[in-house]
Amino acid sequence: MSSTTVVELRNITKRFPGIVANDSISLQLQKGEIHALLGENGAGKSTLMNILFGLYQPDEGEIWINGRQTSIDNPNKAIDLGIGMVHQHFKLVQPFSVMENIILGIEPTRGMSIDYKSAAQKVKSISEQYGLKVDPYALVQDISVGMQQRVEILKTLYRGADILIFDEPTAVLTPQEIQELMEIMKSLVQQGKSIILITHKLKEIMSIADTVTIIRRGRVIDTVKVSETTPKALAEKMVGRSVSFKVDKKQAVPGDVVLQIERLSSQGNQGVPTLRELSLKVRAGEILGIAGVDGNGQSELIEALTGLRQVQGGSILFNGRNVANEHPRTISEAGIAHIPEDRHKHGLVLDFSMSENMVLKSYFYPAYNKGGFLDYDAIDKHAEKLIKEFDVRTPSIYSKARSLSGGNQQKAIISREIDKNPDLLIAAQPTRGLDVGAIEFVHKRLIEQRDKGKAVLLISFELDEIMNVSDRIAVIYEGQIVGEVLPERTNDEELGLMMAGSHRTDTKDAEGT
């Protein structure tokens, strides 16, 4: 083994009931290297890294750290060995301060009290050393998602980590935060850290990684130098087939207005306006994409449309009926389907089976109950049909939703919502955290809905997705629609200006009025 190899995994195998998650996987991480772990959702990437961090135990195989074979039977042992993990879903206590979260469990003391002053100095020093720019006294609940991720990174560095594992670190970040994270990772390796990056985003791998190992269905397909490969080659190795990066769709034929929002206004918890007389139209047979920087009213708009938020003014006309401030079930029953931006909070009940999750919005239909009791045979048949049709990879329809990968959780939600045959499909961040194969699948399903004459409202922070999938683009800024454009008549620069609120455009052509 090379003297510069800091981690070597040899023939790691991990089995769960009905599935081999890792099948004799071997991998090496060199000092000062960013080694990407690429694979589809459910390929076994996170399982492998959870083994390295001591959250799971391998059934077979060996772990070598800095040239010595070791057993990592819990995360504390991993931390002692200089391994830190930044999880996809952050492990932070929201009401605590940044500093309290960082020192939690290893609080420095002075006499009988916690020495907050020395802790704050150490946090500040590490923060400045790696360019993290974190306020130790800020409450976690008051800082952005990107800043919360920096807190997670600081937690690992505070505990002395030299080997950092990043699990899908950009899944919940804005484009600006992603760029900042890339710079932080570069700074870390320049100062001697070594990084394993779990991701499915080819653009990020090509821009930052040195080496990439591709895993498919639990097995290593190849390990290559990033400088010697291409995004197309990586995508094909990842999914085992040719993948199209361009959305294939014919010209839209818009019909009648399905959704008409007029002067919609709402307020946040502190009485601050979140939607400011927002107006918008979506027609049958078209995909309207909403572009904007996170935090400009997208979430509030989705909540208003789905009945999760009360509005203070304006109307939401769906097929001519005002559904503003109606109950969520009433809105759903009227023919509006919703792929939520947070699949864990609003899309699934994680401790329910997949079968139960497939009827969350329809369990009360006569097809699924008899005399007031759930008809589990009918529910199970329905789940099996959807899981097969949408290629949801799960060991069983009885598996808990939390046991599936993020991509397969998303596919399950999409299958449930599309199965309702809605007149309007609201798709909020529908490909967040998905690999290229799953993204291609989701885009095809959205376009299928459009081609069936359905109205589709797409809300996404991914400009490439907005440009590729949308037939019209509306830009939201500070709770208002500041302009509408056609994708073939705009570019990233113009959209960027509009997203910053410094440019408005004539909406006549875009609306087709």
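The values are calculated or read from the model by the stated rules, or taken from the named source; none is laboratory data. In this text, all values refer to a predicted model and were calculated from it rather than measured experimentally. Note: ideal-geometry Cβ built from the backbone for every residue, glycine included; neighbour counts use all protein chains shown. To get the accessible areas, we keep the full protein, side chains included, count just its heavy atoms, and leave off ligands, DNA and RNA. Shrake-Rupley method; radii C 1.70, N 1.55, O 1.52, S 1.80 Å.
Brief remarks on what is shown
- For the residue pairs LYS250/LYS361; LYS201/LYS361; LYS155/LYS444; LYS14/LYS388, the C-alpha atoms sit more than 29 angstrom apart in LYS250/LYS361; LYS201/LYS361; LYS155/LYS444.
- Under Karplus coefficients 6.51, -1.76 and 1.60, residue-wise ³J(HN,Hα) of region 32-49 in Hz, glycine/proline x: x, 10, 9, 10, 7, 10, 10, x, 4, 4, x, 6, x, 5, 5, 4, 4, 6
- For region 378-497, the average shadow cast by the Cα convex hull is 8.8 nm², which is a quarter of the hull's surface.
- Neighbour net charge for SER265 - beta-carbon separation under 15 angstrom, K R +1, D E -1: -2
- Net charge of Cβ neighbours under 14 Å - reference PRO17; Lys, Arg +1; Asp, Glu -1: +2
- Region 444-507: relative contact order as a whole-number percent, Cα under 8 Å and 6+ apart: 24
- Backbone HN-Hα couplings from phi across region 76-92 [Karplus 6.51/-1.76/1.60, Hz, Gly and Pro as x]: 4, 5, 4, 4, 4, 8, x, 9, x, 10, 9, 6, 4, 9, 4, 10, 10
- Fraction in percent of alpha-carbon pairs per bin - 10 Å, region 74-183: 14, 47, 33, 5, 0
- Dividing the radius of gyration of the alpha carbons in region 317-394 by their Kirkwood radius gives 1.01 for Rg/Rh.
- Entry note, region 189-250: relative contact order of 25 percent, from Cα contacts under 8 Å with a spacing of 6+ residues.
- Calculated on alpha-carbon atoms, Rg and Dmax of the chain in Å: 24.1, 74
- Sorting 95-102, 36-43 by their mean Cβ neighbour count within 10 Å, with the most densely packed peptide first, gives 36-43, 95-102.
- Scaling the Cα radius of gyration of region 1-102 by the globular reference 2.2 N^0.38 Å produces a ratio of 1.16.
- Acute angle (nearest 10 degrees) that the helix 145-158 long axis makes with the longest principal axis of the chain, alpha-carbon atoms: 10
- Kirkwood-type radius of region 253-397, with distances r between different C-alpha atoms, in Å: 17.5
- In this structure the amide hydrogen of ILE290, modeled in the peptide plane, comes within under 5 Å of the amide hydrogens of LEU458, ILE459, SER460, ALA474, none closer than 5 places in sequence on its chain.
- Sorting the segments 321-329, 214-222 by their mean number of nearby beta carbons within 10 angstrom, highest to lowest, gives 214-222, 321-329.
- In this structure the chain gives 45 Å² per residue of accessible area when probed at 1.4 Å with all protein chains present.
- For region 295-349, alpha-carbon Rg and Dmax in angstrom: 11.4, 33
- Helical mean residue ellipticity (222 nm; -39500 (n - 2.57) per DSSP H run of 4+; nearest 500) of the chain: -9000 deg cm²/dmol
- Packing, taken as the mean count of other beta carbons within 10 Å per residue, orders the peptides 109-118, 84-93, 471-480 from highest to lowest as 471-480, 84-93, 109-118.
- Here region 174-259 is described by how far its Cα atoms reach on the three principal axes: 60, 32, 23 Å, from widest to narrowest.
- A quarter of the convex hull surface defined by the alpha-carbon atoms of region 338-439 gives 6.4 nm² as the mean projection.
- Kirkwood Rh, Cα atoms: Rg over Rh of region 151-222: 0.97
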